[in-house]
Amino acid sequence: MEILTNYGTYLVLFAAAVGFVMAWGIGANDVANAMGTSVGSKALTIKQAIIIAMIFEFAGAYLAGGEVTSTIRKGIIDASYFVDIPEQLVYGMISALLAAGVWLLIASYMGWPVSTTHSIVGAIIGFSAVGVGAETVAWGKVGGIVGSWVVTPLIAGVFSFIIFNSAQKLIFNTDKPLDQARKWVPFYMFLAGFVLSLVTIKKGLKHIGLNLGATEGFIWALGVAIVVALVGKFFIARIEFKKAKSHHSDYLNVEKVFAILMVITACCMAFAHGSNDVANAIGPLAAVVSIVNSNGEIASKTALAWWILPLGGVGIVAGLALFGHRVIATIGKGITHLTPSRGFAAELAAACTVVVASGTGLPISTTQTLVGAVLGVGMARGIGAINLGVVRNIIVSWVVTLPIGAALSIMFFWMIKGALS
């Protein structure tokens, strides 16, 4: 406890620095995932995607990132074991942030889309199980996370397979694809508006005082969806299409319509992602600040200091802008060839999976959701359309994320503990 009194300010400053590193890693890896489909399908350039993500990720993180956050993310460890040794929880949270941040930067440099949630969870498990005791970890929760490695991509893959095939049957495999696109794309816009607003309502807006119930949220999402469909119909009617000289020209015109849709889904996904995943960086940081400020008292919920959310938001934006292009390339071009219609199918499928997971309490990784959705689009075109080498590297990076996060965290924990002892 003396350590918290004597070195509290230094510990908070160090935690803020490593929290920024973690947020940088989230921007470089996770946000790059969310933008990859838009860039890969050429609906947006990398520069446009980064500008959209900078605006909407920061808005999501700052406006809807949470006035209050759980001290221990995902309830993965039992805080009661740390009541008499609060300084060890402070060391551990700093170690976890540093470990997860370092691993995310390595993975981003390699172009591997890994889960930021699993990185921080693995790191928290590591310092707690080895540094304090195996009994401090809720192992049942860990089992759920490992199970989600299979379940999450599978659900997203099935959704994207269905959405992509529906677009093929209703629009592309018809005699007049452009006419069919004018007819059906407003419906897809309705669906996208409904699902993405539901994601945002469920994941974000409760933090800014709009704590909507299930029915209320559903009605609001329905209203937003109708507005999106009407606006979409208005703009589609005003697109200038090149006169189709062949079936191929018609397809290019149809892809123009889907490109508009991709911009809308990219904005919504960025906002929902910013509101949700910033907690991976600021949760442990908020815990450190709370424990130091309360002289060692550990609260289950922590009110955020005013500077924490902006720090997370700026870190995410900086990571994406300066380091996100490698993961964007993997998602957008590495797994399978994407067009705006295929990218839209993947992004809508990912959003649908997030809604299902929110409703059922399924542990979820936005990264694995999106990769599964892109794989589903590829599978709809046949196994030959998928780059199996890239997929193999991605799966290996998923499996090693938890143990590498844990190993790095243990190492940093002993280093910090040794230095302050």
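The values are calculated or read from the model by the stated rules, or taken from the named source; none is laboratory data. Fair warning: this is a prediction, and the values are worked out from it, not measured in the lab. No Cβ is skipped: glycine too gets one built from the backbone with ideal geometry, and neighbour counts run over all protein chains shown. The protein model used for the area step is the full one, side chains on, heavy atoms only, and it has no ligands, DNA or RNA in it. Shrake-Rupley method; radii C 1.70, N 1.55, O 1.52, S 1.80 Å.
Couple of notes before you dig in:
To keep it simple, each residue is scored yes or no on (1) assigned to a helix (DSSP H, G or I); (2) open to solvent by 30 Å² or more (accessible area, probe 1.4 Å); (3) touching a residue at least 24 places away in the same chain (Cβ under 8 Å); (4) touching a Pro at 6+ places or on another chain (Cβ under 8 Å).
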site	(1), (2), (3), (4)
80	yes, yes, no, no
95	yes, no, yes, no
101	yes, no, yes, no
104	yes, no, yes, no
148	yes, no, yes, yes
154	yes, yes, yes, no
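- Selection of region 1-34 for residues being more than 17 Å from the chain's Cα centre (by Cα), open to solvent by less than 30 Å² (accessible area, probe 1.4 Å) and among the hydrophobic types (A, V, I, L, M, F, W, C) yields 4, 11, 12, 15, 16, 18.
- Criterion: under 30 Å from residue 255 (Cα atoms) and open to solvent by less than 20 Å² (accessible area, probe 1.4 Å) - qualifying residue of 37, 116: 37
- Test: residue in region 244-257 that is part of a helix (DSSP H, G or I), small (Gly, Ala, Ser) and modelled with pLDDT of 80 or more: no
- Any hit, region 129-146, residues being open to solvent by less than 30 Å² (accessible area, probe 1.4 Å), at pLDDT 90 or above and assigned to a helix (DSSP H, G or I): yes
- Residue match in region 327-339 (condition: out of contact with any Lys or Arg (no Cβ under 6 Å at 6 or more places or on another chain), over 30 Å from residue 257 (Cα atoms) and either without any contact (Cβ under 8 Å) to a residue 24 or more places away in the chain or not in a helix (DSSP H, G or I) (or both)): no
- Selection status of residue 124, over 24 Å from residue 322 (Cβ atoms) and buried (at least 18 other Cβ atoms within 10 Å of the Cβ): yes
Each row is one residue, and each column tells you yes or no for (1) under 20 Å from the mean Cα position of the chain (by Cα); (2) at pLDDT 85 or above; (3) among the hydroxyl-bearing types (Ser, Thr, Tyr).
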position: 45; (1), (2), (3): no, yes, yes
position: 58; (1), (2), (3): yes, no, no
position: 68; (1), (2), (3): yes, no, no
position: 81; (1), (2), (3): no, no, yes
position: 96; (1), (2), (3): yes, yes, no
position: 107; (1), (2), (3): yes, yes, no
position: 113; (1), (2), (3): yes, yes, no
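- Just so you know, in region 170-189 the residues that are charged (D, E, K, R) and in a helix (DSSP H, G or I) include one that is surrounded by the most Cβ atoms within 10 Å (Cβ to Cβ), and it is 182.
- Taken over region 373-390, the criterion of being assigned to a helix (DSSP H, G or I) and open to solvent by less than 20 Å² (accessible area, probe 1.4 Å) is satisfied by 373, 374, 376, 377, 378.
- Taken over region 252-306, the criterion of being aromatic (Phe, Trp, Tyr) and either open to solvent by less than 30 Å² (accessible area, probe 1.4 Å) or within 23 Å of the chain's Cα centre (by Cα) (or both) is satisfied by 258, 271.
- Cβ-Cβ contacts under 7 Å between residues 6 or more apart (or on different chains), taken from a first residue in region 178-193 that is closer than 22 Å to residue 272 by Cβ to a second residue that is of a type in the set (S, T, N, Q) and in a helix (DSSP H, G or I), are listed as 192/265.
- Check on residue 199, surrounded by 22 or more Cβ atoms within 10 Å (Cβ to Cβ), touching a helix residue (DSSP H, G or I) at 6+ places or on another chain (Cβ under 9 Å) and at pLDDT below 85: yes
- The set of residues in region 315-326 being surrounded by 24 or more Cβ atoms within 10 Å (Cβ to Cβ) and assigned to a helix (DSSP H, G or I) consists of 315, 316, 319, 320.
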